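The values are calculated or read from the model by the stated rules, or taken from the named source; none is laboratory data. Since this is a predicted model, take the numbers as computed values, not measurements. Heads up, the Cβs are rebuilt from the backbone with ideal geometry, glycines too, and the neighbour counts pull from every protein chain shown.
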Amino acid sequence: MIDELDRKIIRVMNRNARKSFREIAKEAGTSVTAVIHGVKKMEEAAVIKGYVPVVDPEHFGYTIIAIIALRISKGKLLETQETISKDPRVTAVYDVTGEWDSLVIGYFKGRDDLNEFIKTALSLRYVDRTVTHIVLNVVKDEKRVMV
């Protein structure tokens, strides 16, 4: 169970996870020991699953963001999603309700890269159909969960 102190710690870390425990404690209004204990507790409970830098994909040559809807047949949804999720260009795979079975978000180095990914996905045994949406502008892409 997450208490109010844990929420304060996460709020400070959401602004800058590289802050020292001392700085986090000062902003959260608690002791350094309480912050260390709280962070360790949340890491062990997988509330905090890791730490990653937030980078600009274009700096690394990823010029296209695509959202790809998949229709997956014969009850092989999770198996197919697991296969697709292993592709390093894929940043998210969602099992969704509605007309489509799954949504995939990926970053690609150009049209050829995206084309190859789509053709590979369509070659998977249980993928019946895809619809690809290319992102024109990113208005908001927030990785943090506000607590």
Worksheet, complete the sentence: If we ask which residues in the stretch 14-24 are at pLDDT 95 or above, in a helix (DSSP H, G or I) and surrounded by 14 or more Cβ atoms within 10 Å (Cβ to Cβ), their number turns out to be 3
Worksheet, complete the sentence: Conditions (1) more than 30 Å from R18 (Cβ to Cβ); (2) surrounded by fewer than 16 Cβ atoms within 10 Å (Cβ to Cβ); (3) touching a strand residue (DSSP E or B) at 6+ places or on another chain (Cβ under 7 Å); (4) not aliphatic (A, V, I, L, M) -> S85 fails only (1)
Worksheet item: Residues V104, V39, V35: which one is assigned to a strand (DSSP E or B) and modelled with pLDDT of 95 or more?
Response: V104
Discussion item. What pairs come out if I take residues in the stretch 23-40 that are free of Cβ contacts under 8 Å to residues at least 12 places away in the same chain and pair them with residues that are in a loop (DSSP other than H, G, I, E, B) and not hydrophobic (A, V, I, L, M, F, W, C) whose C-beta lies under 7 Å away, six or more apart or interchain?
Written reply: A25/S31
Item to complete: Could you tell me whether any residue of the stretch 79-95 is small (G, A, S) and either under 30 Å from I24 (Cα atoms) or free of Cβ contacts under 8 Å to residues at least 24 places away in the same chain (or both)?
Response: yes
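Yes/no matrix, rows are residues, columns are (1) of a type in the set (D, E); (2) out of contact with any helix residue (DSSP H, G or I) (no Cβ under 9 Å at 6 or more places or on another chain):
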{"position": "D6", "(1), (2)": "yes, no"}
{"position": "K19", "(1), (2)": "no, no"}
{"position": "A25", "(1), (2)": "no, no"}
{"position": "A28", "(1), (2)": "no, no"}
{"position": "V32", "(1), (2)": "no, no"}
{"position": "V35", "(1), (2)": "no, no"}
{"position": "E44", "(1), (2)": "yes, yes"}
{"position": "E58", "(1), (2)": "yes, yes"}
{"position": "I67", "(1), (2)": "no, yes"}
Worksheet item: Hey, any hits in the stretch 71-81 for a residue that's touching a helix residue (DSSP H, G or I) at 6+ places or on another chain (Cβ under 7 Å) and under 25 Å from F60 (Cβ atoms)?
Response: no
Worksheet entry | Members of the stretch 132-147 found to be among the aliphatic types (A, V, I, L, M) and surrounded by fewer than 10 Cβ atoms within 10 Å (Cβ to Cβ), listed by number | L136, V138, V139, V145, M146
Discussion item. Take V127 and tell me if it is loosely packed, with under 13 Cβ neighbours inside 10 Å, farther than 30 Å from A17 by Cα and either free of Cβ contacts under 8 Å to residues at least 40 places away in the same chain or in contact with a helix residue (DSSP H, G or I) (Cβ under 8 Å, 6 or more places away or on another chain) (or both).
Written reply: no
Worksheet item: Can you tell me which residues in the stretch 104-118 are surrounded by 17 or more Cβ atoms within 10 Å (Cβ to Cβ) and either more than 21 Å from D128 (Cβ to Cβ) or not β-branched (V, I, T) (or both)?
Response: G106, Y107, F108, D113, L114, F117
